[in-house]
Amino acid sequence: VVSTQSTGDPKISPFEKEMSRILPLNPGSPLLNERPRKPDLWQELLAEFIGTAILVFVATASAWKNDVSLAVLSITSTVTILVFIFEEISGAHLNPVVSLVMTLTKKINFLRLILYSIVQCVGGVAGSGLLVLCFPQSRRSPFFAGSNALAPGVDVYQGLVLEILMTFFLTFTILMFAINPHKSPKLKRFLPFVVFFVLVGMISLGASKTGCSMNPARSLGPALISWYWSDHYIFWAGPIIGAVLSYFVYLAFVVRKGSMPHMLYT
């Protein structure tokens, strides 16, 4: 017990000294500092790689099972948890088109867009590879490691429009909640839950039509692992177009009179 009359430092046991050395808890510690040290670039890239690999493994595994209810539950819960884990490290983009809109709004620079997109795509391949490693039969037809594909009766035009609309809704939600300067910081805390419900709606809508990609890294992984490229360009073009459209609609809502709109990163 430390005496309340003592004016000097309290006596510290050898155990406390050792723990203080291993896990410092002084006011200047990064653990307690209100402004923790910014993660290094390699930590950001590692977070994006791991997060995307986990996401794609879960997404392709649920696609392989061909159960929309399972896909909705597994993907939405996984994304929500990954956002909580990696948001303070890399922003938890886990998707090249999310990184794209972050670049358009100047939250990251063009170099980070390129690096993030590369590690996200590599993570997607790793996640799909892990699925095939666990379940080798998933690589064969008709599952092709959970590759995105157009359902019977869905033509290229319909698939492209669906991917544009679904990605638009996803990225527009992220922009309006996470980036919108007029949004209350208290409301921004609910972003993971808002994204959860957006994904519930979009997966329920599109899983049986296109596989509901909204993420080029998610589509690239299984396509490369199973070498299934049928209509693959849709799952790049659709999300990219949808993300860019969401950026311009976002500008229409957030730009106030006398303020300058965000421009492309230069």
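Per-residue 3J(HN,Hα) values for segment 155-163, derived from phi via the Karplus relation 6.51 cos²θ - 1.76 cosθ + 1.60 with θ = phi - 60°, read 8, 4, 4, 5, x, 5, 4, 4, 5 Hz in sequence order (x marks Gly and Pro).
Packing, taken as the mean count of other beta carbons within 10 Å per residue, orders the peptides 98-104, 82-88 from highest to lowest as 98-104, 82-88. Sparse packing (at most 14 other Cβ atoms within 10 Å of the Cβ) combined with a DSSP loop state is found for the following chymotrypsin sites (Phe, Trp or Tyr not before Pro) in segment 110-191: Phe190. Our coupling estimate for segment 216-226, obtained by passing each phi through the Karplus curve with A = 6.51, B = -1.76, C = 1.60 and θ = phi - 60°, is x, 5, 5, 7, 5, x, x, 4, 6, 5, 9 Hz, Gly and Pro reported as x.
Computed over protein heavy atoms with a 1.4 Å probe, the carbon and sulfur contribution to the accessible area of segment 149-202 reaches 75%. Computed with a 1.4 Å probe on the full set of protein chains, the accessible area for Trp236 sits at about 80 Å².
Ligands, DNA and RNA are left out, and with a 1.4 angstrom probe the accessible area of segment 135-227 is 48 Å² per residue. Once the Cα-Cα distance is subtracted from the 0.36 nm per residue extended length, the Ser77 to Leu41 segment shows a gain of 10.3 nm.
The values are calculated or read from the model by the stated rules, or taken from the named source; none is laboratory data. Since the model is a prediction, treat every value here as computed from it, not as a measurement. Note that each Cβ is placed from the backbone with ideal geometry, even for glycine, and that neighbours are counted across all protein chains shown. Note: accessible area is taken over every heavy atom of the protein model, side chains too, but ligands, DNA and RNA are not part of it. Shrake-Rupley method; radii C 1.70, N 1.55, O 1.52, S 1.80 Å.
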